[in-house]
1. Which members of region 68-80 meet the condition of being in contact (Cβ under 8 Å) with a residue 24 or more places away in the chain and touching a Phe, Trp or Tyr at 6+ places or on another chain (Cβ under 8 Å)?
2. Look through region 270-283, keep the residues that are buried (at least 24 other Cβ atoms within 10 Å of the Cβ) and among the small types (Gly, Ala, Ser), and return whichever of them is nearest to the chain's Cα centre (by Cα).
3. What pairs come out if I take residues in region 249-266 that are free of Cβ contacts under 8 Å to residues at least 12 places away in the same chain and pair them with residues that are within 13 Å of the ligand (Cβ to nearest atom) and of a type outside the set (S, T, N, Q) whose C-beta lies under 7 Å away, six or more apart or interchain?
4. Which is touching a strand residue (DSSP E or B) at 6+ places or on another chain (Cβ under 6 Å) and modelled with pLDDT of 95 or more, of 69, 61?
5. Starting from region 98-109, take each residue that is without any contact (Cβ under 8 Å) to a residue 12 or more places away in the chain and list its partners that are not small (Gly, Ala, Ser), counting only C-beta distances under 8 angstrom and pairs at least six apart or across chains.
6. Among the strands (runs of 3 or more DSSP E) lying completely within region 212-295, list those that include at least 1 residues that are among the aliphatic types (A, V, I, L, M).
7. If you check residue 65 against the conditions, is it surrounded by fewer than 16 Cβ atoms within 10 Å (Cβ to Cβ) and assigned to a strand (DSSP E or B)?
8. Please enumerate the residues belonging to region 277-311 that are away from the ligand (no atom under 12 Å from the Cβ) and small (Gly, Ala, Ser).
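The values are calculated or read from the model by the stated rules, or taken from the named source; none is laboratory data. Keep in mind it's a predicted model, so treat the numbers as computed, not measured. Here Cβ is always computed from backbone atoms with ideal geometry, including for glycine, and neighbour counts include all displayed protein chains.
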Amino acid sequence: MVANAWPNDGWTAHLAVGATQTAANGWAESIPFTVPLGTTSLQIQLTAPAGHLLQLAELVGADEPIVPGDWLQLADQPWLYLDGQERVRASAWQAAFLVPNAPQVPVPPGPWRLRTFAFDYDPQSDARQPTATTLDVQVDLMRKPDVHAGTIDLNLCLTGARGITAATAPAHPRVRAALETVVQAWAQVGVKLGQVRYFDVPAPALDVTHDDGTDAQLAALLALAAGQPPGIPIFLLESVDLQTSNGLVPAAGFTAGLPGPLTVGGLRTGLVLALKYDAPDILGVVMAHEIGHFLGLYHTVEAAAQGDVPIADRLPDTPTTPENLMYYAPDPAYLALTPQQGAVVLGGPWVRP
Ligand SMILES: [Zn+2]
């Protein structure tokens with residue numbers, strides 16, 4: 001496996017690690033894989049049927065605990081582990097994990113192992129229930145030493161909202177302005193815009209509900225990108241509503257995966273953006289911000305309940321003030337990105353070297 005890990009001397013290699021099974025307590029047995037010499041980053045992707053929520057419970061690389069095996073027992077919820085050097089976030093149907101997502105996380109070559117955890121969530125009752133399921137595990141390896149530049153491709157998926165279609169989008173002033181904002185923001189860390197493709201998609205509805213869980217409307221929408229060439233699917237809709245424990249909340253946009261899984265047309269692969277926020281027009285800053293999540297970035301500072309201490313990201317060079325693209329409330333006046341934010345996304349599989 002090690003000898004053949006870099007076919008055609010390329011920068012990426014795919015490992016089909018295989019299937020694993022979680023028990024009724026949600027935990028699976030540890031499964032091994034090998035990280036070859038020269039690997040600079042990797043993305044783990046878990047897939048399961050029936051919309052179970054999938055989480056990385058443990059990750060050990062050559063005896064280094066990257067995601068410590070006791071975090072889930074100690075945590076008060078299984079969604080998000082924000083306190084470790086490597087952060088992990090659960091998602092339904094398919095979950096992806098970019099390693100490293102902070103500069104202090106090592107990627108040693110040698111034998112690695114991971115454990116998965118699966119659970120179900122009921123937004124009505126806010127109940128979480130561990131579940132038994134079969135998961136497919138794949139690992140995509142990247143070899144990008146000393147990379148300071150890269151390219152992303154975008155697939156704009158157009159529902160006809162606001163009259164924007166594949167035919168009209170390339171010259172549409174709002175789309176052009178948004179793409180210019182994306183170019184301006186991401187150029188700061190060496191990420192260029194490559195191909196921008198335009199697709200008409202039949203929208204099942206012009207709004208989407210999303211509960212970080214099993215929303216079928218969201219899954220059906222994202223599946224419309226199936227068959228497109230590799231590119232970040234970006235759906236433009238009139239409005240986007242998120243299902244939260246406080247009911248439906250309107251949003252300017254979100255990404256279904258942090259980071260985005262590599263399956264184009266997959267049920268967690270893509271961004272969904274609302275067009276209704278046009279005065280002022282925030283489409284560009286929201287698109288640039290959600291691309292950051294899709295490429296593996298967390299907020300520089302998470303929104304905190306009143307009285308709580310805000311939680312900062314794990315990147316030492318990001319500010320805790322609003323002057324950054326990945327602040328939890330993005331502002332068109334602040335598009336700044338830092339070198340360490342650039343290093344995370346340049347290491348990921350969606351950025352071509
Ligand atoms: Zn955000």
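1. First, the residues of region 68-80 that are in contact (Cβ under 8 Å) with a residue 24 or more places away in the chain: 69, 72, 77-79.
Residues satisfying the conditions are 72, 78.
2. 270
3. 249/242
4. That would be 61, the only listed residue that is touching a strand residue (DSSP E or B) at 6+ places or on another chain (Cβ under 6 Å) and modelled with pLDDT of 95 or more.
5. Qualifying pairs under 8 Å: none.
6. Working: elements: 232-237, 240-244, 247-251, 253-255, 271-274.
Because the criterion is at least 1 residues that are among the aliphatic types (A, V, I, L, M), the strands (runs of 3 or more DSSP E) in region 212-295 that meet it are 232-237, 240-244, 247-251, 271-274.
7. Considered against the rule, which asks whether it is surrounded by fewer than 16 Cβ atoms within 10 Å (Cβ to Cβ) and assigned to a strand (DSSP E or B), residue 65 comes out as yes.
8. 279, 284, 296, 304, 305, 307
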